[in-house]
Each structure stands twice: as C-alpha cells, then as structure tokens.
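The values are calculated or read from the model by the stated rules, or taken from the named source; none is laboratory data. Since the structure is predicted, the reported quantities are computational estimates derived from the model, not experimental observations. Methodologically, a virtual Cβ is constructed for each residue, glycine included, from the backbone with ideal geometry; neighbour enumeration extends over all protein chains shown.
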C-alpha cells in the first residue's frame with residue numbers, strides 16, 4: 001500500500017552524504033489536494049509500485065521549489081526524478097510508463113496503433129470533452145444548456161468507443177482510464193451541485209458502469225480526494241463564476 | 001505479391017500542403033524513408049475519405065496505414081517512429097527523461113503558436129501586440145531549451161532532427177509568413193540567434209526542404225484563402 005510521506009527523511013543513522021544521495025534518488029511529487037491532474041499521476045505511481053515523497057503546495061502561495069521546477073507554467077503536478085523535474089500530467093504519465101517499464105502493469109499498450117489510439121482519446125478528453133463539461137458547470141441559462149448538449153454529444157462518442165468494456169484499455173485500466181478517471185467522481189459532484197444529470201443510464205450505460213469500475217478498482221479506491229471538502233470547493237467555484245458573469 | 005493499380009498504397013496521408021501539422025507527418029515519413037502517397041484535400045471541401053477516416057474531428061492530417069486511420073500530428077509522428085523503429089534515425093530520443101522534456105516543449109509549442117499565428121494572420125480576432133510578446137517570450141524559452149537539449153549540436157535532437165525539431169520547425173513557414181503579413185519580427189537574430197540558425201538548418205534539411213515551402217508561398221496562401229472562411233476562419237486542420 002503506497003503512502004505519501006509528508007516528511008522527507010526517516011532515517012537518522014545515515015551519514016549526511018548518504019542522506020543527500022538517498023534524497024536525490026527519491027521520487028517526489030508536488031501536488032495539490034483537489035487537483036485531478038495530481039491524482040492521475042499518483043494512481044500511475046501506484047500501478048507501478050513506486051514510492052514517492054509528496055509535497056502539498058499552497059497554490060495561492062507557491063513554494064520557491066515549485067517555481068524553480070516548473071517556471072514555465074508554475075503548476076502542479078510536477079514529478080521530480082533523480083533531481084530533475086517533469087511537468088504536465090500527460091507527459092508525466094508516459095514518463096512513468098517508460099522509466100519503470102518493467103515494474104507493475106504497462107500503462108500504455110505495446111502495439112503502436114493501440115498506443116496511437118490511447119493518445120488520441122487522452123487528447124479528446126482534454127481538448128474536446130473537458131471544455132463543455134467545465135462550461136456546463138460554470139454557467140447558467142442558455143449558455144449552460146448549450147454546453148450541456150455539447151458535453152452529451154462528446155460523451156456519446158466516448159460511450160461508443162468504450163462499447164461495454166470494463167475499462168477503455170480492456171480488462172485492466174490504462175492511460176485513457178487514468179486520464180479520464182477523475183470524471184468518475186467529479187461529474188457526480190457537478191450533477192449534485194447543478195441538480196442536473198449529465199450521465200444518464202438510458203443514454204450512456206457503458207460510461208456509467210465504467211465510472212463504477214474505475215472508482216472501485218483497488219488502485220483508485222485507496223486514493224481519492226476528500227469528497228465533502230471537494231464538493232464545497234466545487235460549489236464555491238461555480239458561485240464565483242456565476243457572480244463574475246452577472 | 002506485386003501491387004496492382006487497384007491496390008491502395010500502404011501508407012497514405014490526407015493533407016494540405018500549407019498545414020504545419022501535415023508538414024510534420026511528411027517530414028517524419030521522409031526521415032524514415034517510408035514510401036507514401038499524399039492525397040491533397042481541397043480547401044473548403046472535405047473529402048469523403050477524410051470524413052470517414054476522422055469522423056470525430058474531421059481534420060487533417062490523417063495517416064492511413066494499410067487503411068487504418070491515425071490522426072493528430074504529434075500522435076502520428078510518434079506512431080511513425082514506433083512502427084519504423086528499425087529505420088534510422090530515431091525521432092524520439094532513447095532516454096525517457098529527455099523524451100519527457102521534448103514532449104513538454106512540443107505541447108507548449110502547440111499551445112502557443114497555432115492560435116498566435118492565426119491572430120497575426122488576421123483570420124481570428126485578437127490583440128496582435130500581446131501575441132507578438134507572447135510568441136517572443138515563447139521563442140526565448142525555446143532558445144534556452146535548444147541550448148540545453150542540443151548540447152552544442154545542430155538540432156534539438158542532436159546530430160539529426162527529432163521530435164522537437166519537427167514540432168517547432170513545422171511552424172517556421174507560417175512564422176516567417178506572419179512576420180511579413182503583420183510586419184513583426186519573431187525569429188529575431190538579435191534575440192534568439194541560435195534558433196534563427198537552427199531554423200535555417202532545419203529548412204534546408206533533406207527531409208524538410210521539399211515539404212516546407214518558402215514564407216512567400218504561405219503569404220500567397222493567406223491572401224488567397226484569408227477571406228475564405230468568414231465564420232470559421234481557421235484552416236481545416238487540427
């Protein structure tokens with residue numbers, strides 16, 4: 001069972017140099033408790049059985065370390081491998097699969113065509129599906145209705161791709177599952193807050209089942225954000241957006 | 001078995017010569033020495049084959065390999081590298097960390113340049129001064145990245161062009177074209193000298209020279225099709 005270590009050193013008997021070497025070799029992850037991108041990386045590390053030190057960032061007061069490691073975007077997640085930073089969750093996920101190729105399950109498939117398809121659906125999730133879902137959650141009235149319709153249209157495409165499979169990758173979860181995974185708990189929260197169902201059983205049965213499969217998988221169920229806290233945060237975000245547009 | 005006239009070539013590219021995303025695919029295929037057929041789309045009218053091959057986005061480029069479609073230029077480039085892995089040179093670097101760095105910058109490039117270029121071309125509304133500053137900053141960062149990654153050699157990929165060279169280099173045609181159209185300086189030798197030298201080398205590379213036309217041709221294209229899409233101004237590419 002993977003644990004996040006909130007302190008960086010545990011052994012007082014190592015010499016200073018040994019401790020420094022050990023520290024440099026430790027995988028580190030800079031994150032934020034509500035960031036879905038951070039969770040994707042953490043699930044991937046768990047699939048591979050990689051121990052890591054977790055550093056919680058205060059996004060309103062970013063640490064010097066974070067700014068040094070990710071000067072371009074100043075965002076989390078950032079993975080530190082042998083003292084070197086990697087940013088952007090999709091990039092990190094592929095890195096994890098390649099750096100620990102022989103540990104745990106493969107995150108991307110072996111076959112080049114299947115890999116291309118996996119990457120395609122990851123981009124779809126990011127560029128085509130996320131924007132209308134976000135718009136639906138942060139607007140109201142006609143704008144919200146239009147966003148809802150657009151989101152359902154994209155979800156139907158995804159439903160067709162999933163086609164009754166347990167996971168997008170097949171019997172075990174893979175890159176696409178990790179990448180879309182946060183929707184499995186975020187969408188229900190959005191539905192609760194807006195009072196509108198986005199994923200209806202009659203229209204999107206495979207996706208509904210997939211959300212359940214994902215949340216109940218051994219990797220995911222042991223590491224999810226605190227839902228009550230997350231729901232309050234989402235609520236505050238929606239209210240802030242609605243206020244700004246009035 | 002010899003191929004007959006009825007058999008389609010094993011590798012086909014659905015594209016438009018002026019699309020930097022299509023250019024990436026062509027460079028990758030040429031780099032690997034893969035025989036391929038290019039099917040040029042008609043601007044403003046998507047072919048049945050395109051609509052069938054990329055039903056989700058209906059955009060070029062699409063690579064058809066034994067009839068199976070792959071879309072999204074950077075995904076296609078990686079596919080080409082993986083399928084023809086025994087053909088030198090390798091497009092992506094061998095080391096996972098360096099791969100991650102190149103992928104990071106490729107994503108960054110596509111976040112900044114396509115939209116910026118469309119605004120400077122005038123086909124999409126936007127603040128041109130702001131965009132020039134954004135792109136100049138981006139090029140500055142890429143200049144630094146070039147110094148780190150090239151390690152004194154000619155390309156981001158070292159001795160030969162690689163993934164990041166292709167990702168950025170494919171935009172050079174339009175970058176130089178919008179410099180003329182908007183009257184701005186982006187690839188400024190005073191600010192990003194290494195990138196300017198790299199751009200010249202990239203454009204002259206044998207795998208690039210025949211698929212990345214001069215800036216003037218892109219300017220002509222812009223003049224010809226600039227007003228073609230009054231409500232959907234962007235190219236029918238990704």
Within the range A:227-240, identify whether any single residue is surrounded by 14 or more Cβ atoms within 10 Å (Cβ to Cβ) and assigned to a loop (DSSP other than H, G, I, E, B), and answer yes or no. no
Evaluate the range B:124-137: report whether one residue or more is outside the structural domain of residue B:26 (by TED's automatic domain parsing), touching a strand residue (DSSP E or B) at 6+ places or on another chain (Cβ under 9 Å) and over 22 Å from residue B:61 (Cβ atoms). no
Which condition from (1) at positive phi; (2) within 14 Å of chain A (Cβ to nearest Cβ) is the one that residue B:183 breaks? (2)
Name the residues in the range B:93-104 that are more than 9 Å from every other protein chain (Cβ to nearest Cβ) and in contact with a helix residue (DSSP H, G or I) (Cβ under 6 Å, 6 or more places away or on another chain), would you? B:93, B:102
Could you please let me know if residue B:63 is facing chain A (nearest Cβ under 10 Å), in contact with a helix residue (DSSP H, G or I) (Cβ under 6 Å, 6 or more places away or on another chain) and buried (at least 23 other Cβ atoms within 10 Å of the Cβ)? yes
Inside the range A:16-86, counting only strands (runs of 3 or more DSSP E) that do not spill past its ends, which hold 1 or more residues that are crowded, with 21+ Cβ neighbours inside 10 Å, within 14 Å of another protein chain (Cβ to nearest Cβ) and modelled with pLDDT of 95 or more? A:78-81
Give me the helices (runs of 4 or more DSSP H) completely within the range A:95-171, filtered to those with at least 3 residues that are at the interface with chain B (Cβ under 10 Å from one of its Cβ atoms) and in contact with a strand residue (DSSP E or B) (Cβ under 9 Å, 6 or more places away or on another chain), ordered by residue number. A:112-123
Restricting attention to the range B:77-92, does a residue exist that is in a loop (DSSP other than H, G, I, E, B), closer than 16 Å to residue A:121 by Cα and either touching a strand residue (DSSP E or B) at 6+ places or on another chain (Cβ under 8 Å) or at the interface with chain A (Cβ under 7 Å from one of its Cβ atoms) (or both)? no
In the list B:107, B:185, B:134, which residue meets the criterion of being surrounded by fewer than 20 Cβ atoms within 10 Å (Cβ to Cβ) and under 18 Å from the mean Cα position of the chain (by Cα)? B:107
From the options A:187, A:199, A:219, residue that is more than 28 Å from residue A:48 (Cβ to Cβ) and either out of contact with any helix residue (DSSP H, G or I) (no Cβ under 9 Å at 6 or more places or on another chain) or surrounded by 14 or more Cβ atoms within 10 Å (Cβ to Cβ) (or both): A:199
Check residue B:43 against each of (1) away from chain A (no Cβ under 14 Å); (2) surrounded by 16 or more Cβ atoms within 10 Å (Cβ to Cβ); (3) in contact (Cβ under 8 Å) with a residue 40 or more places away in the chain; (4) in contact with a helix residue (DSSP H, G or I) (Cβ under 7 Å, 6 or more places away or on another chain) and name the one condition it does not meet. (2)
Residue under evaluation residue B:115, criteria (1) in a helix (DSSP H, G or I); (2) buried (at least 17 other Cβ atoms within 10 Å of the Cβ), criterion not met: (2)
State yes or no: is residue B:69 crowded, with 16+ Cβ neighbours inside 10 Å, free of Cβ contacts under 8 Å to residues at least 24 places away in the same chain and not assigned by TED's automatic domain parsing to the domain that holds residue B:159? yes
